[in-house]
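Shown next, in structure tokens, is the structure this report addresses.
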Amino acid sequence: MTVMNKNRFGRLLVLLGIACLASACKVLGPNYAPPATPTPNAYKEAAKTQKLASQMDAKWWTLYGNTELDQLIAEVELKNYSLQAAAARTKQARALTEVALANKLPTVMAGGQNDLGILANWEIDLWGRIQRSIEASGATAQASAADLAAMKLSLQAQLAQNYFNLRVQDEQIRLLQETAVAYERLLKVTQNQYAVGVADRSAILQVQSQINTVQSQMHEVKVSRAQLEHAIAVLVGKPPADFAIASAPLTAQVPEVPAALPADLLLRRPDIAAAERRMAAASAKIGEAEASAYPSLNLFAGVSIRKGLLGGAKTLFPLYSGGATKAKQSEARLAYEVEIANYQQAVLNAFRDVEDNLASMQSLEAAAENKAEAVKSARAALSIMNNQQQVGIIHYPTLISAQTAGLDSEKVGLDILAKRLVASVNLMKALGGGWQPSELDAYATPVAKK
């Protein structure tokens, strides 16, 4: 080896020594830890008999025991375009994490033309800027993955609610059709009685008015059903013209929703996880900003045909930035405070969400019990009045009034059932729908993994 090459080789050894020392340098910025969050011991609105479960089934919708609903929700995950866009954003965030990880390694380039050779360049992470960048990008990728899970849960809940409301509309249409048939029979009886002088023409007009009213209501319900069907079509990624759900009875029952303890809610809701990961990313960016005020060191080494072994170091010392460096650090710290407040608010909103739906479930359950008794009584009373009308004991206005009251009572009962089903879906969504925080592990970086 020539003297010149020996000197260059010696410089490379010195540079490697510097790199080893640099690896022990201080990492600037705070080491992230989530803030303490006040958590109640129990939910205020939970019934004493409320079943507690540490974990809900990931396929929470199977609690309703409806195979058609199961199939539709499976299509949401596969074909919903909003979900596909969110999935692409998550992959994009993951790619940015890979870029940040690559910055920790040397870059190797080949040169040509006048001097063929290979040159490696390596930024020594003296103050942890690259490490904090990796932490920030990893946490951001995890936040994006949690956003994806939250959107998926929201779309699944929307579909389930639309489906149940559609089936309730089917029941409304069936009820109105049966009522219209009953009025048609009454109209024929009234017309026959008018023909023999037992009834007057006003009785015919009253019955005909009720038939028209029921038919008008039926048209309104059919429009509502069509709109719900269109909404479901879009959720499963199909044009409404190419999608249809056949009319069928409502078979789903309101399930008992297992409520986890309040402390578990912070771990089970993807939107809270997303807020927490953004907080972690903002914390890491403080270190990035602080490191920008310190010197940077880049090492290079290589070999070429003309020059042989190459090696050296490039050091930059920030001297004056017109206050930009301090402003950047201040911005990073304030951004972290913003994310802390967003996280705390997300937690409070989540607790309120659960409490609201627990209260709705209890109130609607009581209303359903009362209305069931009212419907039963209305049906019995109408049956008696129909018999009385046939033998001429009661007049038409009384019977029509009873039929109208019975119809209204049945419709209110269906409306309460729809609200109970929707509230149960909302409660499952509020509890996180069986989502697991371990789903974020695949997006964690080696230094950012919790």
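Read-outs throughout are calculated quantities, based only on the coordinates presented, and are distinct from any laboratory measurement. These numbers were taken from a predicted model, which means no experiment stands behind them. Glycine gets a Cβ as well: all are built from the backbone with ideal geometry, and neighbour counts include every protein chain shown.
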Give me LEU176, LEU69 ranked fewest to most by other Cβ atoms within 10 Å of their Cβ, as a rough exposure proxy.
LEU69, LEU176
Cross-link pairs LYS91/LYS152; LYS152/LYS429; LYS91/LYS429; LYS59/LYS152; LYS104/LYS326; LYS59/LYS91 - those with Cα-Cα distance over 18 Å
LYS91/LYS429; LYS104/LYS326; LYS59/LYS91
Once the convex hull of the C-alpha atoms of the range 197-244 is built, how many Å³ does it hold per residue, rounded to a whole number?
69
For a footprinting-style exposure proxy, rank VAL196, VAL338, VAL354 by other Cβ within 10 Å, fewest first.
VAL196, VAL338, VAL354
³J(HN,Hα) across the range 352-357 via Karplus (A = 6.51, B = -1.76, C = 1.60, θ = phi - 60°), whole Hz, x for Gly/Pro?
5, 4, 5, 4, 4, 6
Please report PHE243, PHE351, PHE317 as a ranked list, fewest other C-beta atoms within 10 angstrom at the top and most at the bottom.
PHE317, PHE243, PHE351
The long-range amide H neighbours of LEU261, using H built 1.01 Å from N in the peptide plane and a cut-off of under 5 Å, are ALA53
If the cut-off is 17 Å between C-alpha atoms, which aspartates and glutamates fall inside it for LYS79, apart from same-chain ones fewer than 8 positions away?
GLU68, ASP70, GLU229, ASP242
Residue by residue through the range 142-157, what is 3J(HN,Hα) from phi via Karplus (6.51 cos²θ - 1.76 cosθ + 1.60, θ = phi - 60°)? Round to whole Hz and write x for glycine and proline.
5, 4, 5, 5, 5, 4, 4, 5, 5, 5, 4, 4, 5, 5, 4, 5
Listed by chain and number, the residues whose amide H is under 5 Å from that of GLY311, excluding neighbours fewer than 5 places away on the same chain and using placed H, are GLY302
For LYS222, go through the aspartates and glutamates and keep the ones whose alpha-carbon is under 16 Å away, minus same-chain ones fewer than eight residues off.
ASP170, GLU171, GLU178, ASP415
Applied in sequence order to the range 162-168, the curve 6.51 cos²θ - 1.76 cosθ + 1.60 (Karplus, θ = phi - 60°) yields integer Hz couplings, x standing for Gly and Pro, of 4, 5, 5, 5, 5, 5, 5
Diffusion constant of the range 256-319 at 37 °C, which comes from Stokes-Einstein with the Kirkwood Cα-pair radius and 0.692 mPa s, µm²/s
194
Label ASP415 and ASN298 with points 7 Å out from Cα along Cα→Cβ: what is the distance between them in nm?
7.1
